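A short write-up of the structure that comes next.
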Amino acid sequence: MRLVPRTLLARTFLLLAALMLLSVLAWFAIFSTYEREPRARQIAQMIASVVNLTRTSLISARVDARRELLRELSDREGIHIYIAEPEDSVPPLPPRALLQRVEELVRERLGPETRLTLERAGEKALFASFRIDQDEFWVALPIDRIERIFPAQWIGWALAAVLLSLIGAWAIMFRVTRPLKALEGAAAEIGRGRTPPPLPERGPEELETLARAFNRMSADLARLDEDRALILAGISHDLRTPLTRLRMEIEMTGADDATREAMAADVEEMDRTIGQFLDFARSGNEGNEGGEAGEPTDLAALLEQLAGQYQRRGFAVALQPTFPAAATLPVRAPTLRRAVANLIDNALRHAGAEQPIELALARIGREMHIEVRDRGPGIPPAEAERLKLPFTQLENARSNAVGAGLGLAIVERIARGHGGRLDLLPREDGGLVARITIPAP
């Protein structure tokens, strides 16, 4: 389970959200620090005023009117007056910066012997002591006079501000990541051998420059691919004319039959190699715009036709006994047929024409697998990816046959042009499984 998201949008949004929350907390701390002194002075002034007025009232009032005065203070102002007893247990003020500062300011105004507490004899209030002659009294003020009351609407406005900030951060990051998402899709199209449409060159300067550079790169790659295909096709076409003359001259030569057959085999091999060059040149454009359009094709019927063609030529190409019921996919049938035929030819060349070749078709989840299985020497797993590159061959018995090393590269390009891939897997009982995987909607 990943606690940290992987997308740039989510990561940046969480970072901005965390920074905003920390900023709010920092501003609250700054506000509390700068608000503490004036608030402490206000509370100290209020306590000093209440104590002084109470003392003055008690001193000035007649003895028989003091009880009525105390009752009126209690009813109207919520102020209670108590006589301090020697056995009073008075806990000190809590260690809060505001209360400590209030106590300092009150003692400056009323004298150093003034005591403050929030609890006396089990009663919760703000108690301040004062003296009249030799007697000590407690004046009790409602504790809510020193409490900070946050109006509910403040919390609502704060939440609304944070929410709007987060929505703005999400919108900003979405505008930044949307072009990157389009760039990712275009890069994937190039990886599949296609030419994506140009990216829109707008937005922030950095993204606009990136889109412009990517479009230039995509256009250059397409132009290079077209030039490469044109050169290969031209060379291959020009070589076939002298090969045809060579074939005719071999038939007219006075050499013995064995020599003529060997020379004809060499010419045929050269012709097949030239055919591979032409196929490789064509496969470069099959995934691009303007290539063959995909049409619904019954893959089972396509494999049956291929197997029949090879069987009529005397090769042992067998079909899997059962095919999936839903084997119709929108594909470019001629190019896919050529890819499977290349795999069959490759298996016959390296495993031997007398060895049986198996064709299999299976649907695994949202993928269709076309497999060509042989019982040849196989391919080391470490060399599988390298052999998909053009003009690449193994340095062992499997590469004893001549060739240009383009067969697997052609199949890889055709598979990528269909949005799939080519896998070269070792067979459990010996041999090779060449698998073309195509997405199946």
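Restricting attention to the stretch 320-346 and to residues that are in contact with an Asp or Glu (Cβ under 8 Å, 6 or more places away or on another chain) and among the basic types (Lys, Arg), the residue that is surrounded by the most Cβ atoms within 10 Å (Cβ to Cβ) turns out to be Arg332. Counting residues in the stretch 166-187 that are surrounded by 13 or more Cβ atoms within 10 Å (Cβ to Cβ) and acidic (Asp, Glu) gives zero. Among the residues making up the stretch 417-441, those that are under 23 Å from Thr195 (Cα atoms) and either modelled with pLDDT of 85 or more or among the small types (Gly, Ala, Ser) (or both) are Gly417, His418, Gly419, Gly420, Arg421, Leu422, Ile436, Thr437, Ile438, Pro439, Ala440. All conditions in (1) at pLDDT below 80; (2) not aromatic (Phe, Trp, Tyr); (3) not in a loop (DSSP other than H, G, I, E, B) hold for Thr392, with the sole exception of (3). Of all the numbered requirements in (1) in a loop (DSSP other than H, G, I, E, B); (2) out of contact with any strand residue (DSSP E or B) (no Cβ under 8 Å at 6 or more places or on another chain), Asp345 misses one, and that requirement is (1). Here Ala219 meets the list (1) assigned to a helix (DSSP H, G or I); (2) modelled with pLDDT under 75 almost entirely, failing just condition (2).
Taking first residues from the stretch 184-197 that are more than 17 Å from Val411 (Cβ to Cβ) and partners that are modelled with pLDDT of 85 or more and of a type in the set (Asp, Glu), no Cβ contact under 9 Å between residues at least 6 apart in sequence or on separate chains turns up. Filtering Val139, Val176, Val162 for residues that are within 30 Å of Ser89 (Cα to Cα) and β-branched (Val, Ile, Thr) leaves a single hit, Val139.
Those residues that are outside any strand (DSSP E or B), modelled with pLDDT under 85 and surrounded by fewer than 17 Cβ atoms within 10 Å (Cβ to Cβ), I need them from the stretch 98-142; list them, please. Matches in the stretch 98-142: Ala121, Gly122, Asp133, Gln134, Pro142.
The values are calculated or read from the model by the stated rules, or taken from the named source; none is laboratory data. This structure is a prediction, so every number in the text was calculated from the model and none was measured. Please note: Cβ atoms are built from the backbone with ideal geometry, for glycine as well, and neighbour counts cover all protein chains shown.
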